[in-house]
Amino acid sequence: ANVGQAFGVAVRSIGVFWLGYGTLTKQYGFKELYEDGKNVLYNLQNEAEDIEYTGTRSLSYDRDIVKATDYKSQVVRNFAIAATNENFRKEQRSKNYRTLIQCLAIFKKINKNWNYVSDPEGEEYIAKASESVKLLAGDCDDHSILMAAAIKAVGGTPRLVYTKGHIYPEILIGYKKDLERLTELIRKKLFPAESYGQSIHYHKDEKGRIWLNLDYTADYPGGNFMGDEVIEAIYP
């Protein structure tokens, strides 16, 4: 037992020595160990259950949403490309996640400038993406339509999630390993200040694919869900 205890003390001492050396030489030290441990805890807190649909919207509403998501419009495509030129140019060199990073550049452009404006009282006004892109203003369905159209215009896969009294966009990011990598990018490079100490919120579909929340109510990808009870997902 004494031999085992002595061995454990020796191992811990060596570990402390190397962490101290790493800190002094600005390599892997105490700060990096702390950040890695913190990220592991965040990721454990962020797990979500598969969503369950509890109802449906009218087919006419779905058709109007899909029609308004005019991602082939030149003005929408130009806006999306301009957003990728404006944000995260260095990070886009990553070939594996280039498209996703470009989609998050679009998220930053839209959410940083979005102004919430209500529909006429008692009416449902659904603006086309090519309309909203000129003003970056409107209500939740206008925001969701623009986000989905701009993301689709650069090769991303969006969907719109409808809850009771609210609709918000999500983006397909892949599977668990992709979530882990993207979470690291969001926390350390893309949105470090906005996401600091926050959880990453997402849904998992029946195929195990992960969809990241891109609601206008958050200033980083994966912000809090405004509505929990999912009624329907619309795929434009």
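The values are calculated or read from the model by the stated rules, or taken from the named source; none is laboratory data. Here the structure is a predicted model, which means the values were calculated and not measured. Glycine also receives a Cβ, built like all others from the backbone with ideal geometry; neighbour counts cover every protein chain displayed. Side chains included, ligands, DNA and RNA excluded: accessible areas come from the protein's heavy atoms. Shrake-Rupley method; radii C 1.70, N 1.55, O 1.52, S 1.80 Å.
For the reader, a short list of remarks on this structure follows.
- Amide H to amide H distances under 5 Å link Val161 with Tyr168, Glu170, Ile234, where only residues 5 or more positions off or on other chains count and H is placed in the peptide plane.
- Length released on extending from Lys188 to Glu91, taking residue separation times 0.36 nm less the Cα-Cα span: 33.8 nm
- For the stretch 77-236, the fraction of 1.4 Å probe accessible surface lying on carbon and sulfur atoms is 45 percent.
- Per residue, the stretch 58-139 exposes 61 Å² of accessible surface when a 1.4 Å probe is rolled over the protein heavy atoms with every protein chain present.
- Here's how it looks for Gly174: its modeled amide H is under 5 Å from those of Ile210, which are all 5 or more places away or on a different chain.
- Evaluating 6.51 cos²θ - 1.76 cosθ + 1.60 at θ = phi - 60° for every residue in the stretch 78-92, the Karplus couplings come out as 5, 4, 4, 5, 4, 5, 5, 6, 7, 10, 6, 4, 5, 5, 6 Hz, glycine and proline recorded as x.
- If R0 equals 25 Å, the separation of the Cβ atoms of Thr217 and Gln74 corresponds to a calculated FRET efficiency of about 0.25.
- Each residue, Arg63 and Ala82, gets one label point 7 Å from its Cα in the Cβ direction; the gap between the two is 3.3 nm.
- Phi to ³J(HN,Hα) by Karplus 6.51 cos²θ - 1.76 cosθ + 1.60 over the stretch 137-151, Hz, x for Gly, Pro: 8, x, 9, 5, 6, 5, 4, 5, 5, 5, 4, 4, 5, 5, 5
- A simple rule links phi to the HN-Hα coupling: the Karplus curve 6.51 cos²θ - 1.76 cosθ + 1.60 with θ = phi - 60°, which for the stretch 231-236 gives 9, 6, 10, 9, 10, x Hz, with x for Gly and Pro.
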